[in-house]
Every structure is written in C-alpha cells, then in structure tokens.
Ligand code: ATP
Ligand code: MG
C-alpha cells in the first residue's frame, strides 16, 4: 500500500532548506526509520499527479551512491518524499561540526581530511555516472547539503532532479538558483552532466578548505562592486532575474572568508562568470592544509569554465587521484564516520 502520513510517527526535525523541511520519522508498522522531506508546492491537481509520477523514477534507483526511496505521496498542500535515513547527516553540517570542535558553541567551519574528500569524490562521481547512464537524469543540485553520510561510511546523493514539474512548483524564492551553479548555467545556456561536475569541484574545495570558495576574489572593501554595471534584469535568465529581485529586496549576501566583505548572490554569480575558477591550492588557505598536485589537478579538471574543456564524471573516475592503490594508511570512511 502507498505510504501516508498516518503510517509515520515523527521523531525529530533533521533540517530545513529553501523548499521545505526534513523530518526523521518511523514507519510504525515496520519500525523502519526514514527521512521524510516535506515540500510545499504550488501547483494544480493535475500537475501534482504528474510530480508523483516523475518521483517514481527515484523509486527505481538502485545504487550504493544514491539514497534509496520508500515512495512519495500527497499531503495537501505538501508533497512528502520518504527516503533512506542517513544517520550522520549531510556534509554541510558535518564540516561545520568539525570546525566547532575546541571552540564550544562556535559554529565555524572546519576542513575535512583530504583523504576523506578523495573517497567522497569517488562516490559522488559514481552516483552521477549512475544517474546519467542508467536513469538518464542530471543531478542538478550537487552541494554539501545534498551529500549524505551514514555510520557504515556510505556516502550517497539525495535531492536529484527527477522531477522537472516539482522543480517548477516548489514554493521557494531561489528556484533553480544556487551558488554551486556552473558559469554556463548561470548564463542560461544549455547544460549537461558537465554542469554537475562544476558543482562537484566547488563542493570538493569547500569541504577540503572548510569554507565556501571564492574567498580570495578581487572584491574587497576598497573596491565595492559597481552594481550599476550589472546586467539589467530583462536580459538575465528568469531564475537569475528572480534572484536579483530577491537580493534587492532583502539584500541577502554570501559572506566571504578572510574578512573581504559580502557579495550579494547576484554579484557572486557575475564573479563566477567573469573571474578565473577557484583552485584547491591557494595562498589564502592555512599552510597546515597541504594538498597533493594530483588532487589540485583533479579539481582543476572539474572547474574548467568552458564545459567543452571540463571532464565528464566517467573520465574523472579514471584519474590518478581516484585510484585507491598505494594509499594504505588512508583513514576509511567508516572509521572516520565513527569519529563524528
Ligand atoms: P536547499 O533547500 O537549499 O537545497 P538543503 O539541502 O539543506 O538546502 P533540504 O534538502 O530540505 O535542504 O534538507 C534539509 C536537511 O535535512 C539537510 O541539510 C540534511 O542535513 C537533512 N537531510 C536531508 N535528507 C536526509 C536524509 N535522507 N537523512 C538524513 N538527513 C537528511
Ligand atoms: Mg537538500
């Protein structure tokens, strides 16, 4: 029988995103613990049914790198998506927790060991290859909060783009706009699996540095961004135009580390399109963080600004950094997950 609210008992709230919230729940009759994502949608009944049909693709996924699905149902005015519960949560909270160790109560991000980032990269790319080659879908929203860990040391992707109608109907402000977006997507060009690869590159730097990249941008307090020089709203893709309206209304910004001030989301997007891509090895990163050349090159291949030059997930998996051999002393994901 299809799932419904009365089958599930709430245990705890796991987190809240732009488009909804996620609850830890128990399926009462079976005792199975699940994560229930509640998405407020703004759509006609026919579209709601279409969304449920599209979400069935999730059900058909079977990969060690993809969070499994127990099914989705309507609970007006929401859509609920029940998925595998990942007990160590998502990598955004994981690196923020690491950073706060030693300084109680202070939520400063901390770096994730590069050997762990390497093993995560392998699984994330494995997930992308699976989604792309077996299911014919792009992920479209790769970022630390959509990469989950459990105490078995498994790393899995969630929140991938199986439902175009869901994407269109989510009642949130930044529909389809994210600071992990590739330059070609920001510019409204056609995009492909290479756009997911860009987001992987940004995510790897963020986890290895323990903070969002674009920190050593040209932007500083002495040279404020000339907002008059920004592209007029009418010539931007619609997702960006709504971001610009949003940023004007609420002037919400993305903080850059190193005390260089704040960029609005639109300014950051202009920066991504115009400036050279971020790199793993940068002068602003503490010398305690050392990265091998093969790791830096791998990230560079993810972050080519021209998608034609960027590598695809399958070829990246063939690079030397993805080869496990000769890394004997490396901490396993399972052992590391046990320390969290
Ligand atoms: P955004 O809305 O911008 O995509 P987000 O990914 O953080 O941000 P949600 O997808 O609503 O927002 O998820 C909220 C939080 O719930 C996540 O950050 C994650 O920590 C937690 N979460 C999501 N799915 C699971 C799961 N299957 N198991 C455990 N925790 C989960
Ligand atoms: Mg998410």
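Here is the figure for region 81-110: residues that are modelled with pLDDT under 95, assigned to a loop (DSSP other than H, G, I, E, B) and under 18 Å from the mean Cα position of the chain (by Cα) total 2.
Scanning region 105-129 for residues that are out of contact with any helix residue (DSSP H, G or I) (no Cβ under 8 Å at 6 or more places or on another chain) and over 27 Å from residue 292 (Cβ atoms) yields a total of 1.
Within region 12-33, restricting attention to residues that are near ligand 1 (Cβ under 8 Å from one of its atoms) and outside any loop (DSSP other than H, G, I, E, B), the residue that is surrounded by the fewest Cβ atoms within 10 Å (Cβ to Cβ) is 16. Within region 179-211, the residues that satisfy the criterion of being without any contact (Cβ under 8 Å) to a residue 40 or more places away in the chain and either crowded, with 20+ Cβ neighbours inside 10 Å or not in a loop (DSSP other than H, G, I, E, B) (or both) are 180, 185.
The values are calculated or read from the model by the stated rules, or taken from the named source; none is laboratory data. No experiment lies behind these values; they were computed from the predicted model shown. Cβ: placed from backbone, ideal geometry, glycine included. Neighbour counts: every protein chain shown.
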